[in-house]
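What follows is a single structure, written as structure tokens, with notes after it.
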Amino acid sequence: MKRHLTVEDLARDGRFVRVNFEDRMSDPRNLGGPGAYGRDAAEQADDEDRTSRRGLGRMTPEAANAPDAARSLMHGIFVGEIQALEGAGRTCYDFDLGEGPDEVPYALKLDMARQCWDEARHCEISVKLTEWMGTEVGEFSESPFLFQAACNPDALLRLAGVNRALEGLAIDVFNTMRDFGDKSGDPVLEFCEDWMLADEVTHVKMGSDWLRKLTVNDPERRARALEFQSVVDKLFSLGGGRADEEDSPIRLARRFRQMAGFTDDEIDTIAGLSREARQEAEDLVASHRAAAGS
Amino acid sequence: MPDPKKPRAPFAPWDRRELPGSFTVEETARRVGHYKWVEMRLFEVLGGWVATVPELDVKMRFGTHCYKHAWHSELWHKRLPELREMNPDRLTLPANDAMVEFMEALTAPEGEDKTLEKLVGVYRVLIPRKIAAYTYHRNNTSTITDAPTIRSLDFALHDEFEDWRDGEMLIQSLIESDEDVRRAADHQAKLESIMVRAGGIAGPGSIGTAEVPTVAEAHA
């Protein structure tokens with residue numbers, strides 16, 4: 001079996017519909033714009049006047065589109081868990097044991113195997129939650145960008161991409177979904193998200209600990225890994241949708257990130273990257289709308 | 001109230017554990033090193049296969065089983081220094097060249113249309129061989145001096161039986177035609193032949209021998 005798979009190698013059954021990142025991010029239903037799931041005519045008309053692409057704002061149970069937005073997010077969590085499972089599994093296989101740049105320690109592989117089990121459970125939990133919330137596998141598309149962005153052939157960069165950036169995003173998403181479960185009176189959703197959140201804090205902490213251990217005598221390598229992580233973090237800020245602001249659809253979960261080994265400075269940096277991404281996305285939408293109107 | 005000073009036997013009447021066992025410290029360390037090598041190769045390949053199988057149930061089972069074998073490898077890794085092997089890597093070895101060949105053949109199926117072969121290799125060949133070698137070891141080692149190995153073998157065997165059942169049922173659910181039956185049988189036969197040459201996961205003697213020694217051998 002070959003090492004280092006590409007996104008095209010990820011095997012799926014016939015229900016899955018794969019879209020690329022650009023299509024996913026420009027789908028108006030994901031932007032809360034016209035045609036967004038469950039939005040009524042008045043809300044859609046209001047969207048036409050907005051220059052911000054982030055009309056959806058924070059997901060609240062009172063919003064007319066909340067059930068469909070939550071179902072869409074749950075499906076996104078499910079496919080994200082599959083990719084996280086695949087990423088952890090590949091780290092068990094793709095690298096030889098050792099201390100070289102293309103090698104990993106035995107104990108790191110054991111941690112990745114443990115993560116495999118956790119992610120497999122998360123797939124089980126999230127596929128059951130999709131049913132619980134009234135959707136099914138394949139109703140929404142899958143963008144393989146999590147695997148694509150995080151699964152670097154360099155072991156340390158992969159660790160930074162998967163265990164710090166991807167799993168860090170998972171902390172933010174699960175925290176958001178747990179709050180939504182609480183506010184919408186869905187104890188099953190809240191219960192499951194809280195359990196998955198506990199696992200994700202563990203995974204990010206694994207990444208934080210390994211990053212420190214593997215680069216203890218190599219600050220240059222650590223800097224490269226952190227730089228890669230910041231690139232992935234910006235990508236995973238979902239056009240500023242995952243941010244520190246009160247109205248962010250997915251809010252940075254500062255307390256849980258601290259538990260997982262992020263420093264306040266690192267969290268501030270991610271918040272800054274999200275603000276940049278938000279501004280870039282809003283500028284892009286504004287320019288598209290201006291072009292369409294001219 | 002019972003008299004606390006009344007003498008009692010050191011072993012309760014229902015405790016039938018005995019001192020004699022078939023394995024020396026060195027032989028136990030050798031076997032444990034081979035077990036660790038096999039468990040490592042197995043968790044690595046199961047982790048690697050997760051991304052290559054389209055069937056959701058198989059994908060999630062591989063992810064779960066991957067961890068169990070990693071944990072078994074860790075149990076053996078921690079046991080080695082207790083058996084006077086202070087460098088666990090030194091004994092983390094395949095039993096012989098045929099075992100290397102076996103693991104390479106087991107790992108070879110890669111495409112998304114090879115799920116049946118992947119399952120057959122693990123659940124119809126390797127795991128039954130692991131159950132056999134672990135059971136032989138468990139039943140022949142000293143139940144008093146080697147209790148820590150027995151405890152680890154019991155944990156591992158519990159997982160192996162559970163996973164074997166999972167894997168076998170997945171195989172049965174995927175076999176739908178005569179052609180599928182042939183595919184499964186052909187792959188099993190190919191791997192089984194290599195395993196026979198290896199003599200089992202710990203090499204010849206993995207499950208002891210059922211042969212009766214000749215009179216001359218018995219008196220040698």
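Values computed for the structure shown
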| quantity | calculated |
| --- | --- |
| Listing of helices (runs of 4 or more DSSP H) fully contained in region A:212-294 that carry 2 or more residues being in contact with a helix residue (DSSP H, G or I) (Cβ under 8 Å, 6 or more places away or on another chain) and modelled with pLDDT under 90 | A:219-235, A:264-293 |
| Matching residues, region B:118-152, being in contact with a helix residue (DSSP H, G or I) (Cβ under 8 Å, 6 or more places away or on another chain) and open to solvent by 20 Å² or more (accessible area, probe 1.4 Å) | B:124, B:128, B:129, B:131, B:135, B:138, B:143, B:148 |
| Filter result for residue B:68 (within 9 Å of another protein chain (Cβ to nearest Cβ) and either over 26 Å from residue A:78 (Cβ atoms) or surrounded by fewer than 24 Cβ atoms within 10 Å (Cβ to Cβ) (or both)) | yes |
| Count - residues of region B:34-63 that are open to solvent by less than 10 Å² (accessible area, probe 1.4 Å) and more than 14 Å from chain A (Cβ to nearest Cβ) | 2 |
| Residue count, region B:71-87 (criterion: open to solvent by 20 Å² or more (accessible area, probe 1.4 Å) and farther than 12 Å from residue B:148 by Cα) | 7 |
| Any chance residue B:210 is assigned to a helix (DSSP H, G or I) and either surrounded by fewer than 18 Cβ atoms within 10 Å (Cβ to Cβ) or at pLDDT below 95 (or both) | no |
| Residue in region B:95-134 that is farthest from residue B:53 (Cα to Cα), counting only those that are without any contact (Cβ under 8 Å) to a residue 60 or more places away in the chain and within 13 Å of the chain's Cα centre (by Cα) | B:131 |
| Cross-chain or 6+ apart pairs with Cβ under 6 Å, region A:1-26 first and within 14 Å of another protein chain (Cβ to nearest Cβ), then open to solvent by 70 Å² or more (accessible area, probe 1.4 Å) and at pLDDT below 95 | A:4/A:153; A:7/A:148 |
| Residue that is least open to solvent (accessible area, probe 1.4 Å), among those in region B:88-117 that are within 14 Å of another protein chain (Cβ to nearest Cβ) and among the polar types (S, T, N, Q) | B:115 |
| Hits in region A:9-18 (condition: closer than 14 Å to residue B:110 by Cα and of a type in the set (Asp, Glu)) | A:9 |
| Residue, surrounded by the fewest Cβ atoms within 10 Å (Cβ to Cβ), within region A:275-294, restricted to residues that are closer than 18 Å to residue A:232 by Cα and free of Cβ contacts under 8 Å to residues at least 40 places away in the same chain | A:279 |
| Spans of helices (runs of 4 or more DSSP H) in region B:39-107 with at least 2 residues in contact with an Asp or Glu (Cβ under 8 Å, 6 or more places away or on another chain) | B:56-82 |
| Spans of helices (runs of 4 or more DSSP H) in region A:89-168 with at least 2 residues within 11 Å of chain B (Cβ to nearest Cβ), surrounded by fewer than 22 Cβ atoms within 10 Å (Cβ to Cβ) and among the hydrophobic types (A, V, I, L, M, F, W, C) | A:106-132 |
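For (1) more than 30 Å from residue B:17 (Cβ to Cβ); (2) among the polar types (S, T, N, Q), each residue gets a yes or a no:
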position: B:115; (1), (2): yes, yes
position: B:129; (1), (2): no, no
position: B:143; (1), (2): no, yes
position: B:150; (1), (2): no, no
position: B:180; (1), (2): yes, no
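The values are calculated or read from the model by the stated rules, or taken from the named source; none is laboratory data. Predicted, not measured: the structure shown is a model, and the values here were computed from it. No Cβ is skipped: glycine too gets one built from the backbone with ideal geometry, and neighbour counts run over all protein chains shown. Remember, those area values only see protein heavy atoms, side chains included, never the ligands or the DNA or RNA. Shrake-Rupley method; radii C 1.70, N 1.55, O 1.52, S 1.80 Å.
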